[in-house]
Every structure is written in C-alpha cells, then in structure tokens.
Amino acid sequence: MSEKSIVQLFDLADRVAIVTGAGGGIGLGIARRLAEAGAAVVLNDVDGARARAAASRLRGRGYSALETVTGDVSSSEGSRTLVEAAVERFGRVDILVNNAGIYPTAPFLEHGTDLWDRVVDTNLRGAFLCAQAVARQFEKQGRGQAILNIASVVGIVGSGPSAAAYAASKGGLLALTKTLARAVGPYGARANAIAPAAIETEGQKGMLDQAAATRQPVGRFGTPDDVALAALYLVAPASDYVTGEILVVDGGYLLMQA
Ligand SMILES: NC(=O)c1ccc[n+]([C@@H]2O[C@H](COP(=O)([O-])OP(=O)(O)OC[C@H]3O[C@@H](n4cnc5c(N)ncnc54)[C@H](O)[C@@H]3O)[C@@H](O)[C@H]2O)c1
C-alpha cells in the first residue's frame with residue numbers, strides 16, 4: 001500500500017501544468033481544479049482575451065501561480081512557444097492537458113477539406129505538437145508527470161455524419177494517447193485520455209438536446225467540473241499506475257447506445 005495520504009495522492013504542489021484551450025468551458029474547469037490541487041497553471045488559448053479573463057477569474061478565487069499564453073496549438077511555433085513560456089515563467093513543465101478543440105459540423109456530402117483540415121489540425125495535430133514539445137522538455141528535465149488528452153466518446157463509437165472530421169480527430173487522439181504512453185514512459189510520465197459525452201459549455205450552447213439529458217442513466221448532462229475531477233485523478237500521483245487508458249466521463253451515455 002502507498003505510504004502517501006489521500007491528500008498527498010492528489011497534491012500537485014510544486015508541479016507546473018499547461019492546459020490548452022483554457023479560456024472557458026472544460027479547459028477552465030480543469031485549470032481551476034489543478035490550481036486548487038496546488039499546481040502552477042499555464043492557461044493557453046488562441047483567444048488571448050478569453051485566457052486572460054479566465055486567469056482573472058481564477059485569481060479571484062485566490063490562485064496566484066498563473067500565466068496566460070495566447071497561441072494556436074496547431075502551429076509548430078504556437079506549441080513550442082507555449083512550452084518555452086511555461087519554462088521561462090515557472091522553470092519546468094510536469095503536466096500537459098491537451099484540451100483545445102473545435103467541433104464545427106456540416107452535412108457529410110458538404111464536408112469540405114477546409115473544415116476537415118481545421119478540425120484535424122486543431123484537435124489532433126495540435127495535441128501531437130504540444131505533447132512532443134512537452135516530451136522534449138521532460139527529456140531535458142529527466143522527468144515528467146502526465147499528459148492528458150481530452151478526446152470524446154465519438155472517438156470510440158463514431159458520430160452522426162455531420163461530425164465526421166470531429167469523430168476522426170478524436171479517434172486519432174485516442175490512438176495517439178496510447179502511443180504517447182510509450183513515448184513518455186521513459187521519463188516517468190504517463191499519458192491518458194478522457195472521453196466525455198455531452199458537457200454543458202459555452203461552445204456547446206444550443207447544440208444539446210435537453211430532452212436527451214433525462215434519458216441518460218445519471219439524468220443530466222455533464223459539467224466542466226465532472227471532467228475536471230476525472231482530469232485531476234489522471235494527472236495526480238493517485239493514478240501513478242494508469243497509462244495509455246481512456247476514461248469515459250459520460251453519465252452513462254454510451255450505455256444507451258447498446
Ligand atoms: N462540451 C462537450 O460536450 C464536449 C464533449 C466531448 C469532448 N469535448 C472536448 O472538450 C474540449 C473542450 O470543449 P469545450 O466544450 O470546453 O469547448 P469550448 O469551445 O467551450 O472551449 C474550447 C477552447 O479552446 C480554444 N481553442 C480553439 N482552438 C484553439 C487552438 N487552435 N489553440 C488554442 N486554443 C484553441 C477556444 O478558443 C476555447 O476557449 C474540446 O477538445 C472538445 O472537443 C467537449
């Protein structure tokens with residue numbers, strides 16, 4: 001049995017975490033819980049004003065070890081400068097949460113290459129580039145802690161035809177997670193994914209069928225904090241022996257597909 005107390009198992013004091021797409025929704029929820037667990041948190045978003053507003057909300061809750069970095073994770077420069085900024089501010093990087101994502105839809109026959117490239121670049125290439133930049137930093141440090149990818153249940157079971165690019169990007173992210181687990185293992189780090197279903201965020205506004213919520217086993221849609229609590233577990237020492245896994249956080253949504 002671990003000698004650590006339950007508090008120590010979820011303690012992120014002295015840890016530095018990057019959360020991408022942290023300007024709102026699930027990313028901000030995760031940033032908040034990681035800060036509460038003691039981590040210094042770097043909030044990235046392509047929308048700099050959103051990231052700064054998110055950081056100021058966290059400061060209002062009393063968390064001060066925060067940095068915001070405006071940048072597009074899907075560009076090599078954006079991912080590299082994100083990690084550089086984190087190291088410059090806090091001296092190291094221990095945790096990466098690849099949360100930035102977009103979910104535009106279009107009828108399958110009108111799914112253009114523009115839409116495909118935009119979705120796959122943000123959701124999959126962005127996660128790869130950030131993970132690679134962080135793994136390089138783990139190598140320099142000789143050690144890392146965790147990479148967590150926010151995927152989706154549609155990466156497991158597929159989506160309606162109008163979200164083909166999105167489902168493909170999230171399926172790819174799940175496969176990438178398993179490969180990352182092997183890539184970062186030598187640095188004492190782990191890589192896992194969370195697959196949420198319907199989580200009520202600004203990005204999802206108007207897209208969720210409220211009647212469907214009551215049909216789920218838990219009877220409601222998810223909140224960013226439902227995902228954030230699972231995220232805390234997967235980046236904390238509590239899950240030290242869990243890697244390459246997908247944790248479905250869906251209120252039982254997938255059970256209803258059987
Ligand atoms: N909300 C849901 O129901 C749900 C379900 C399953 C999976 N997810 C996944 O969870 C993640 C967060 O979703 P959300 O609902 O909180 O979304 P959201 O739209 O509320 O927030 C996403 C954030 O990512 C930022 N972003 C977009 N592209 C970026 C880029 N290239 N670089 C940096 N930042 C970028 C946006 O500006 C935004 O602040 C996404 O990856 C999404 O696919 C969400």
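Coordinate-derived values only; no laboratory data. These numbers were taken from a predicted model, which means no experiment stands behind them. All Cβ positions, glycine included, derive from the backbone under ideal geometry; neighbour counts span all protein chains shown.
Miscellaneous remarks
- Chain lengthening between VAL218 and ARG118 when straightened (0.36 nm per residue, less Cα-Cα): 32.6 nm
- R0 of 51 Å, Cβ-Cβ distance LEU255-GLU88: FRET efficiency to nearest 0.05: 0.65
- Applying 1/(1 + (r/R0)^6) with R0 = 41 Å to the Cβ-Cβ distance of GLU139 and GLN204 gives a FRET efficiency near 0.65.
- PHE128, PHE138 arranged by Cβ crowding within 10 Å, fewest neighbours leading: PHE128, PHE138
- Summing charges over neighbours of ARG220, with a neighbour being any other residue whose Cβ is under 15 Å away from its Cβ, gives -4 when K and R count +1 and D and E count -1.
- Cα long-axis angle, helix 224-235 against the chain (0 to 90 degrees, to the nearest 10): 50 degrees
- Annotation for ARG57 and GLN132: the two label points, set 7 Å from Cα along the Cα-Cβ direction, are 3.2 nm apart.
- Counted by Cβ distance under 14 Å from ARG118, the other residues give a net charge of -3, where Lys and Arg count +1 and Asp and Glu count -1.
- Using alpha-carbon coordinates, inclination of helix 126-141 to the longest axis of the chain, degrees: 10 degrees
- Among 104-111, 115-122, sorting by the average number of other beta carbon atoms lying within 10 angstrom of each residue, highest first, gives 115-122, 104-111.
- Dipole of the chain, positive direction: furthest Cα of VAL7, HIS111, GLY27, with charges on the beta-carbon: VAL7
- Entry note, the chain: the mean residue ellipticity at 222 nm calculated from DSSP H runs of n ≥ 4, each adding -39500 (n - 2.57), is -13000 deg cm²/dmol after division by the residues and rounding to the nearest 500.
- Packing order of peptides 202-209, 95-102, highest average first: 95-102, 202-209 (average count of other Cβ atoms within 10 Å over each peptide's residues).
- Sites GLU3 and ALA175 - FRET efficiency at Förster radius 30 Å, r taken between beta-carbons, to 0.05: 0.25
- Helix axis angle, 76-90 relative to the chain longest principal axis, alpha carbon, degrees: 40 degrees
- Cut-off 11 Å (backbone N to label point 7 Å along Cα→Cβ of PHE108), residues of the range 155-197: 159-164
- Taking Cβ atoms as reference points and 9 Å as the exclusive limit, the residues near GLY71 contribute a net charge of -3, counting Lys and Arg as +1 and Asp and Glu as -1.
- Spatially, the range 217-258 and the range 157-179 are offset by 17 Å when compared through their Cα centroids.
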